[in-house]
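Trainee: Quick one: the structure is below, questions incoming.
The values are calculated or read from the model by the stated rules, or taken from the named source; none is laboratory data. Here the structure is a predicted model, which means the values were calculated and not measured. Methodologically, a virtual Cβ is constructed for each residue, glycine included, from the backbone with ideal geometry; neighbour enumeration extends over all protein chains shown. These accessible areas exclude ligands, DNA and RNA; they are computed on the full protein's heavy atoms, side chains included. Shrake-Rupley method; radii C 1.70, N 1.55, O 1.52, S 1.80 Å.
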Amino acid sequence: MIKNKGLLFCVLIMLSLFATGCGHKEGENIKAGYEAIGQSDYQGALLCFEKAVVSGEDLELAYRGTGITYLGMADYPNAIAAFERALDNGGIFAGDLERDINFYMATALYKNGQPQEALALFDAIIESDKKNAQAYFFRGRILIEQDDYEGGIYNFEKAIEHSDDVHTVKLDIYEVLKENGYESKGREYLDQMLTEGGRLTDYQQGVIYFYLEDYDNARTHLEIAKQSEKKNLSQIIYMLGRTYEQLGDNNYAGVLYSEYLKNNPEDVRILNQLGLCRLAAGDTDEAIHAFEDALGLGDSTMTQTLRYNQIVAYEYAGDFAKAKSLIAVYVAAYPDDEEAKREAEFLKSR
């Protein structure tokens, strides 16, 4: 089975990226480091933050940047250590910057398989900021994944109550609920958005209809959004292409992705979707090409997904020797992926 997982937690890497907090000043190296993160140049970012530490720039900001960099590289132990050092170099009284660092550290703890420690940090964040919608949302997500349905829904409702962007939060909640076996509850949030009124963008309406499996209405609204909502174009193309795929028009979906990539060749998620689209159409060579182009961009947030899809593409192409060699390396790197272990067993017989 091919992988096409959401990137909800990866969005955190870009949240509050340039927030410095009261009394903090970015030095030249710190500023360059955050700019490198924005370009997914993680090795360059680490070098900048190392220079910032050596040259005596703001240590709290430098270690915060180091932690965000390691988070982007999926190196969670080093991310946690860096965030701890950032807090060690903070002021006596915790403020917005310290809360921000704790938020990132909670994310790293969660991704490192330490959900209880992450929950404790989210608890502390909410204790100091009872209107922090993001903290409520991520606490709800963890609780839902731990089968605490009532606790998860309570936190999701608090996230909605305190959010400045209720529609986006409800869409994110739907994704989490669907992933964890509560799609019927998630659809209630979608229905609320359509029936309660309020200003929905065409993109938002398109996504709602997509999740409700009304692909004709989804296409109509997403096509309008493609012409009118340029600031969100990557996400629009992603959802519009997936809509055409559901409508059985893989060829046009592929055209959409390819046209977009001409001007945005480093959009890893669209490259992955192009690969999936080509694979569904039986064009394994083009699928492999798309996945390998995406891997070459070095975006660690998508590496696991891309490596798995690359293996499946070689399998579909009949190159079992290549697929076997890649799956062996993959399983060693991601030993907890049960699906990959089953795939490896299947390939042994080929």
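Trainee: Hey, got the dipole for segment 124-188? About the Cα centre, +1 on K and R Cβ, -1 on D and E Cβ, debye to the nearest 20?
Mentor: Numbers: 9 positive and 15 negative charges, 19 e Å.
In debye, rounded to 20, segment 124-188 gives about 100.
Trainee: Pick from K231, K158, K111 the residue whose mean-square fluctuation is largest in a GNM of the chain, springs joining Cα atoms under 10 Å.
Mentor: Maximum fluctuation in the GNM of the chain, among the listed residues, is at K231.
Trainee: Once a ≥ b ≥ c are taken as the square roots of the eigenvalues of the Cα gyration tensor of segment 29-120, is the result rounded (a/c under 1.5), prolate (a/b larger than b/c) or oblate (a/b not larger than b/c)?
Mentor: Details: a/c = 2.18, a/b = 1.25, b/c = 1.74.
It is oblate, given that a/c is not under 1.5 and a/b is not larger than b/c.
Trainee: Give me the lysines in straight-line cross-link reach of K158: C-alpha distance below 24 Å, same-chain residues under 8 apart excluded.
Mentor: Straight-line reach from K158, under 24 Å: K111, K130, K131, K170, K178, K185.
Trainee: Longest segment of the chain with no chymotrypsin sites (Phe, Trp or Tyr not before Pro) in a DSSP loop having at most 15 other Cβ atoms within 10 Å? Can you show the working numbers first?
Mentor: Details: sites that count: F18, F93.
The reported range is 94-350.
Trainee: Now for a separate question. What accessible area per residue comes out for the chain, rounded to a whole number of Å², with a 1.4 Å probe? The partial results should precede the final answer.
Mentor: Numbers: 16800 Å² over 350 residues.
Accessible area per residue, the chain: 48 Å².
Trainee: Would you compute the Debye intensity of segment 117-251 from its alpha-carbon atoms alone, equal scatterers and no solvent, and pass along log10 I(q)/I(0) at q = 0.09 Å⁻¹ to two decimals?
Mentor: Reported log10 I(q)/I(0), two decimals: -0.30.
Trainee: Along Cα→Cβ, 7 Å out, is where each label goes; now give me the distance between the ones at E345 and D214 in nm to one decimal.
Mentor: If labels sit at E345 and D214, their model points lie 4.3 nm apart.
Trainee: Take the Cβ-Cβ distance between Q246 and Q116 as r, set R0 to 41 Å, and report the resulting FRET efficiency rounded to the nearest 0.05. Intermediate results must be reported in sequence, preceding the final value.
Mentor: Numbers: r = 38 Å, r/R0 = 0.93.
Given R0 = 41 Å and the Cβ-Cβ separation, E is 0.60.
Trainee: Dipole of the chain, Cα-centred, from +1 at each Lys and Arg C-beta and -1 at each Asp and Glu C-beta, to the nearest 20 debye? Intermediate results must be reported in sequence, preceding the final value.
Mentor: Numbers: 34 positive and 58 negative charges, 83 e Å.
Once rounded to the nearest 20, the dipole reads 400 debye.
Trainee: Okay, next question. Only helices at least 15 Å long along their axis, Cα-based, and averaging 0.5 or more on Kyte-Doolittle count here, so list those DSSP H runs from the chain.
Mentor: 42-54, 115-128, 268-280, 320-333
Trainee: Ranked from the most accessible area to the least, with a 1.4 Å probe and all protein chains present, what is the order of E339, E315?
Mentor: Working: E339 50, E315 30 Å².
Largest accessible area first, the list is E339, E315.
Trainee: Leaving ligands, DNA and RNA out of it, report the carbon-plus-sulfur percent of the accessible area of segment 271-350 at a 1.4 Å probe. Show your work: numbers first, answer last.
Mentor: Values: 1810 of 3720 Å².
Looking at segment 271-350 in its full context, I get 49 percent from C and S.
Trainee: Another question about this same structure. If you wrap segment 101-182's Cα atoms in a convex hull and average its projection over all directions, what's the area in nm²? Each step should come with its number before you reach the end.
Mentor: Numbers: hull surface 19.6 nm².
That works out to 4.9 nm².
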